[in-house]
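Notes to accompany the following structure.
The values are calculated or read from the model by the stated rules, or taken from the named source; none is laboratory data. This is a predicted model, so every value here is computed, not measured. Positions of Cβ are generated from backbone atoms using ideal geometry, with glycine treated the same way; all protein chains shown enter the neighbour counts. Ligands, DNA and RNA are excluded from the accessible area calculation, which covers all protein heavy atoms including side chains. Shrake-Rupley method; radii C 1.70, N 1.55, O 1.52, S 1.80 Å.
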Protein chains: 2
Amino acid sequence: MLPPYGLRLARSFALAFLLVPTLAATTPGVDDVVMVIHGGAGTIRKSEMTPEREKAYLEALAEALRTGHRILAAGGSSLDAVEATVRYMEDSPLFNAGRGAVFTSAGTNEFDACVMDGRTHQAGAVAAVRRIKNPVSAARLVMTDTKHALLVGESAEQFAAAHGIEMADSAYFYTKERWRALERAREKERQDGQSDRAGKFGTVGAVALDANGDIASATSTGGLTNKRWGRVGDTPIIGAGTYADNATCGVSCTGVGELFMRGVFAYRVSALMELGRHSLGEAVRRVVHGDLVALGGGGSGGLIALDKDGVIEMEFNTEGMYRGYIRADGQPHAFLYRSP
Amino acid sequence: MLPPYGLRLARSFALAFLLVPTLAATTPGVDDVVMVIHGGAGTIRKSEMTPEREKAYLEALAEALRTGHRILAAGGSSLDAVEATVRYMEDSPLFNAGRGAVFTSAGTNEFDACVMDGRTHQAGAVAAVRRIKNPVSAARLVMTDTKHALLVGESAEQFAAAHGIEMADSAYFYTKERWRALERAREKERQDGQSDRAGKFGTVGAVALDANGDIASATSTGGLTNKRWGRVGDTPIIGAGTYADNATCGVSCTGVGELFMRGVFAYRVSALMELGRHSLGEAVRRVVHGDLVALGGGGSGGLIALDKDGVIEMEFNTEGMYRGYIRADGQPHAFLYRSP
């Protein structure tokens with residue numbers, strides 16, 4: 001038995017209003033693309049910046065954002081966008097990844113990188129590699145061209161070289177500033193008898209949502225100044241420093257890597273959404289200001305994240321984080337400090 | 001104003017009944033200790049076993065269980081128990097960890113191991129090490145004696161050697177059976193032009209609950225036969241192959257490592273309990289027969305787990321899993337196949 005016409009009409013209107021935003025959310029397009037990036041967190045203070053240096057960072061972040069946006073705006077994949085953006089930051093001497101990486105205690109550079117595809121849950125990573133110009137591209141090759149998820153050391157370099165990945169020598173990665181940082185750390189170690197834990201956590205990362213609604217994440221790092229013993233941090237660990245799942249979100253972390261590993265924090269953001277019914281913002285704040293602080297005190301890092309609806313988060317418990325985002329309008333927004 | 005005496009008495013009784021089981025659950029002792037272990041999952045069929053071989057595996061599993069139990073029964077820590085038990089399995093040529101490990105494509109052995117303390121959420125791991133007699137002990141040293149969580153390659157060996165960890169040469173790790181497995185894999189590769197993915201996933205692991213109510217997990221592996229390129233699997237990855245949290249459970253996995261890494265399955269079991277309100281059994285079955293199958297088809301692995309109440313789970317989607325458990329009575333229970 002049909003209800004009265006008026007009621008049916010009202011119900012149709014109500015259904016239409018319910019369906020319009022639902023349809024819009026399930027059929028994304030180039031108007032919905034978005035990317036969020038970071039270039040490391042830590043003691044980034046306005047008082048310690050020169051106007052030139054500030055400008056250089058803001059411009060590098062903006063150009064990194066435009067690099068990925070060009071791909072997304074043309075209908076390209078989030079995987080291509082995050083890889084290109086992280087490559088741009090690896091090539092910049094300003095960030096601790098690729099060129100401009102910090103030095104280990106042995107005076108070498110050692111890189112870790114990871115990429116994850118939120119559609120397929122495929123992931124690839126490399127760790128403790130020394131001669132790969134763009135570690136993020138080697139990570140992607142591990143994902144696409146092997147059955148493996150993580151390759152380490154010289155063997156990983158041999159794999160990458162055999163597959164046409166560009167190599168670079170130590171002169172390419174060298175920057176005067178990073179070498180001086182190693183000398184300062186060595187000096188401090190001689191004086192204090194213990195190693196210095198730098199207050200700045202150099203990592204770069206990008207998370208993007210493309211016109212198909214696919215999320216991808218990528219992270220790359222040069223590790224810690226004066227690090228030894230083949231230490232690997234959270235960056236190349238799926239679930240620790242990098243994670244992506246179309247059903248929830250994409251995440252890229254920066255900070256004291258060991259805390260992100262022990263807390264499995266990139267995946268925890270996703271699990272809080274999937275299993276804990278948190279919004280992205282609730283999940284991110286709980287991890288950065290709750291779980292991360294509980295494990296390791298304040299000032300230990302931050303993360304960027306982006307959910308399937310294009311909501312972005314850039315959260316940290318340090319004094320600053322190099323970060324930014326770009327939406328479909330192509331206008332980059334870049335930030336350095338806690339307060340604007 | 002006091003309620004009538006009868007009501008107060010009834011309320012006291014009710015409170016007492018509520019408190020008794022609560023107190024019992026929060027003050028564990030040596031009567032509550034329990035340990036669960038695995039020695040790898042895969043195509044373990046009764047039809048392919050000799051009675052002698054079957055007996056050797058059952059006896060090795062029983063002795064591994066007794067090794068950890070002696071520590072737990074004396075009031076020792078779950079960390080000491082899982083380390084000693086995994087060392088026993090590393091020393092046995094029957095399991096793919098330490099002595100008896102499989103060979104890489106280069107004819108070498110490469111080990112990964114991880115240990116995690118559910119009370120402190122501290123963890124330590126080593127990966128791609130070749131000369132360490134008991135990788136699980138090196139992993140524990142990373143946890144206790146460094147600020148790091150994961151050390152890889154030769155540098156990790158140097159760290160371990162400098163801290164008094166026992167080294168071993170390739171002759172120690174060699175077993176005729178594993179070398180033949182490499183030769184078979186190489187032959188298959190020559191014939192098929194592609195690498196063989198072995199049907200047996202050699203890993204050893206232990207999870208224990210001690211008299212203080214502390215949970216610890218440890219996992220150790222010799223990797224995949226004929227593996228190359230410095231591949232690292234889930235074993236040394238916190239959250240992938242190994243996880244422990246006093247508030248939920250301890251987990252140790254075995255199987256196609258890449259699937260456990262991509263699904264962050266050890267941590268997912270814990271997250272399903274914490275955030276998804278699953279029991280341990282529900283969480284374990286959902287991961288092994290749901291999530292793991294969704295990522296990689298059937299026959300891809302299994303895991304052991306133990307919760308804070310001493311509930312144990314030994315679940316796998318393969319034909320068999322070397323496994324067992326022991327409770328306060330000190331009676332080991334060991335199993336090989338799906339059906340008894």
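Couple of notes before you dig in:
- Conditions (1) buried (at least 23 other Cβ atoms within 10 Å of the Cβ); (2) touching a residue at least 40 places away in the same chain (Cβ under 8 Å); (3) within 14 Å of chain A (Cβ to nearest Cβ); number of the one not met by B:LEU61: (3)
- Residues that are in contact with a helix residue (DSSP H, G or I) (Cβ under 6 Å, 6 or more places away or on another chain) and either assigned to a loop (DSSP other than H, G, I, E, B) or free of Cβ contacts under 8 Å to residues at least 40 places away in the same chain (or both), drawn from the stretch A:295-308: A:LEU295, A:SER300
- Those residues of the stretch A:90-107 which are among the small types (Gly, Ala, Ser), surrounded by fewer than 24 Cβ atoms within 10 Å (Cβ to Cβ), touching an Asp or Glu at 6+ places or on another chain (Cβ under 9 Å) and within 14 Å of A:LYS227 (Cβ to Cβ), in sequence order: A:SER105
- Selection from the stretch A:119-138 of residues that are open to solvent by less than 50 Å² (accessible area, probe 1.4 Å), more than 10 Å from every other protein chain (Cβ to nearest Cβ) and out of contact with any Leu (no Cβ under 9 Å at 6 or more places or on another chain): A:ILE132, A:LYS133, A:ASN134, A:PRO135, A:VAL136, A:SER137
- Flag if B:ALA247 is away from every other protein chain (no Cβ under 14 Å), over 11 Å from the mean Cα position of the chain (by Cα), open to solvent by 10 Å² or more (accessible area, probe 1.4 Å) and small (Gly, Ala, Ser): no
- Filtered residue count, the stretch A:295-323, keeping only those that are surrounded by fewer than 23 Cβ atoms within 10 Å (Cβ to Cβ) and either charged (D, E, K, R) or at positive phi (or both): 7
- Among the residues of the stretch B:315-334, those that are assigned to a strand (DSSP E or B) and either farther than 16 Å from B:TYR243 by Cβ or without any contact (Cβ under 8 Å) to a residue 24 or more places away in the chain (or both) comprise B:PHE316, B:GLY320, B:MET321, B:TYR322, B:ARG323, B:GLY324, B:TYR325, B:ILE326, B:HIS333, B:ALA334.
- B:SER155 being touching a residue at least 40 places away in the same chain (Cβ under 8 Å) and over 21 Å from the mean Cα position of the chain (by Cα): no
- Any hit, the stretch B:328-335, residues being under 17 Å from the mean Cα position of the chain (by Cα) and either within 14 Å of chain A (Cβ to nearest Cβ) or open to solvent by less than 10 Å² (accessible area, probe 1.4 Å) (or both): no
- Tally of residues being within 14 Å of another protein chain (Cβ to nearest Cβ) and open to solvent by 90 Å² or more (accessible area, probe 1.4 Å) across the stretch B:145-191: 3
- The residue that is farthest from the other protein chains (Cβ to nearest Cβ), counting only those in the stretch B:257-272 that are of a type in the set (A, V, I, L, M) and closer than 21 Å to B:VAL115 by Cβ, is B:VAL269.
- Residue match in the stretch B:132-151 (condition: in a strand (DSSP E or B) and of a type in the set (Asp, Glu)): no
- Unmet criterion (only one of (1) within 23 Å of the chain's Cα centre (by Cα); (2) at pLDDT below 90) for B:ARG186: (1)
- Within the stretch A:273-284, being under 24 Å from B:GLY118 (Cα atoms) and either more than 11 Å from every other protein chain (Cβ to nearest Cβ) or of a type in the set (S, T, N, Q) (or both) holds for one residue alone: A:VAL284.
- Hits in the stretch A:264-294 (condition: assigned to a helix (DSSP H, G or I) and open to solvent by 10 Å² or more (accessible area, probe 1.4 Å)): A:ARG268, A:MET273, A:GLU274, A:GLU282, A:ARG285, A:ARG286, A:HIS289, A:GLY290, A:ASP291, A:VAL293, A:ALA294
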